[in-house]
Amino acid sequence: MSDIIVDKNVDDSALTSSPSPSVQAPTIAPKMARGGFMGSGVAGTFLFLLAFFMVSYSLGVVTERNNKLTTGGVTQQTVAGTANSTFNIIGFKKLAADLKLDTKKFDACVDSKKYADATKADLNASVALGVQGTPSFVINGTVLVGAQPYENFVKVIEGQVKTTEEVYRMVNGPSTSPMPDLKAQPGIQDGEKVDVKINVDDARIKGDKNAPVTMYEFSDFECPFCGSFYRDTYKQLVDNYVSKGKLKIAFVDHPLSFHPQAEPAAEAARCAQEQGKFWEMHEKLFDLQLANAKK
């Protein structure tokens with residue numbers, strides 16, 4: 001899911017000593033046409049092909065390294081892989097400008113990776129809890145896993161389903177089979193009861209601090225399923241529960257290792273938090289992710 005860059009570690013000083021492609025390439029063909037130093041017959045053909053491949057390889061190396069020099073050390077492969085995406089540091093900095101943040105302060109915060117440790121601390125705490133995938137939720141101690149329909153969140157928030165089995169059956173469908181042993185499964189499962197002891201900054205909690213229902217959201221800004229939750233469910237929860245003082249949402253970073261921009265995005269949100277706009281950046285990041293998915 002991410003581009004892999006292969007750096008050939010070619011010494012840039014070779015560019016000054018390697019023959020120019022426009023000088024070296026024409027010297028071979030005339031000599032072959034005259035039956036020159038390469039001789040004739042099978043041996044001559046072999047030597048010609050060998051020389052041709054050596055020149056082609058040399059041209060490729062020089063071209064690649066010229067590209068690296070003109071793109072700040074980034075290969076053309078990398079440029080092509082990111083040309084259609086703005087979900088990266090450059091895009092995050094533009095979001096900061098759109099939010100009218102102090103961009104000089106924001107850029108310095110992001111570039112220094114000021115909140116890398118804090119982001120990893122969230123990840124470690126959620127892994128210790130048993131979170132394995134994103135998005136995952138704990139609503140007043142009850143687990144829901146994945147971008148589930150809005151109605152399932154409503155049933156848990158409203159107390160329409162309470163027990164572990166009720167929640168599990170709601171998500172997985174009714175069955176005459178006995179309930180599986182959820183504790184034997186890897187990671188937390190739908191309907192499990194867990195006690196979340198993760199410290200979340202007040203700025204990363206959306207809603208009235210005295211709201212009767214608390215929902216911990218374990219999320220990754222690059223995760224497409226997290227984007228689906230944001231698009232289909234988050235806004236409805238905010239309108240129908242958070243804004244009415246019934247629910248508060250505590251956001252916990254869980255950047256997945258195979259999403260290369262997840263950690264930088266999480267750090268960008270924390271840098272916006274410094275200027276009092278965590279939730280505004282949170283929404284901008286998911287909007288950007290969804291916009292890029294349509295390209």
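The values are calculated or read from the model by the stated rules, or taken from the named source; none is laboratory data. Keep in mind it's a predicted model, so treat the numbers as computed, not measured. Positions of Cβ are generated from backbone atoms using ideal geometry, with glycine treated the same way; all protein chains shown enter the neighbour counts.
Within the bounds of segment 179-193, is there any residue that is more than 25 Å from P255 (Cβ to Cβ), in contact (Cβ under 8 Å) with a residue 24 or more places away in the chain and of a type in the set (K, R)? If you could, list the steps in order and put the result at the bottom.
Here is the first cut: in segment 179-193, the ones more than 25 Å from P255 (Cβ to Cβ) are 179-184, 191, 193.
In the following step, the residues that additionally are in contact (Cβ under 8 Å) with a residue 24 or more places away in the chain were identified as 191, 193.
Of the ones still in play, those that are also of a type in the set (K, R) are 193.
There is at least one residue in segment 179-193 that is more than 25 Å from P255 (Cβ to Cβ), in contact (Cβ under 8 Å) with a residue 24 or more places away in the chain and of a type in the set (K, R).
Could you please give the count of residues in segment 128-153 that are β-branched (V, I, T) and in contact (Cβ under 8 Å) with a residue 60 or more places away in the chain?
Start the filter on segment 128-153 by keeping residues that are β-branched (V, I, T), which leaves 131, 134, 138-139, 142-143, 145.
Then drop every residue that is not in contact (Cβ under 8 Å) with a residue 60 or more places away in the chain, which leaves 131, 134, 138-139.
Matching residues across segment 128-153 total 4.
For F225, state whether it is touching a strand residue (DSSP E or B) at 6+ places or on another chain (Cβ under 8 Å), outside any loop (DSSP other than H, G, I, E, B) and either in the same structural domain as E263 (by TED's automatic domain parsing) or not β-branched (V, I, T) (or both).
Working: touching a strand residue (DSSP E or B) at 6+ places or on another chain (Cβ under 8 Å): no; outside any loop (DSSP other than H, G, I, E, B): yes; either in the same structural domain as E263 (by TED's automatic domain parsing) or not β-branched (V, I, T) (or both): yes.
So F225 fails the test.
Given the conditions (1) surrounded by fewer than 15 Cβ atoms within 10 Å (Cβ to Cβ); (2) within 23 Å of L182 (Cβ to Cβ), report the number of the one that Q148 does not fulfil.
The failed condition is (1).
Being outside any helix (DSSP H, G or I), at pLDDT 95 or above and surrounded by 12 or more Cβ atoms within 10 Å (Cβ to Cβ) narrows it down to one of L101, L95, so name that one.
Details: L95 fails: outside any helix (DSSP H, G or I).
Matching residue, one of L101, L95: L101.
Hey, any hits in segment 259-282 for a residue that's more than 18 Å from A118 (Cα to Cα) and crowded, with 22+ Cβ neighbours inside 10 Å?
No, segment 259-282 has no match at all.
Looking at segment 172-182, can you tell me whether even one residue there is in a strand (DSSP E or B), of a type in the set (A, V, I, L, M, F, W, C) and surrounded by 14 or more Cβ atoms within 10 Å (Cβ to Cβ)? Break it down stepwise before answering.
In the first step, residues of segment 172-182 are kept if they are in a strand (DSSP E or B); the result is none.
Within segment 172-182 (the criterion being in a strand (DSSP E or B), of a type in the set (A, V, I, L, M, F, W, C) and surrounded by 14 or more Cβ atoms within 10 Å (Cβ to Cβ)), the answer is no, since none of the residues qualifies.
For segment 193-222: of the residues being in contact with a Lys or Arg (Cβ under 8 Å, 6 or more places away or on another chain) and assigned to a loop (DSSP other than H, G, I, E, B), which is surrounded by the fewest Cβ atoms within 10 Å (Cβ to Cβ)?
K209
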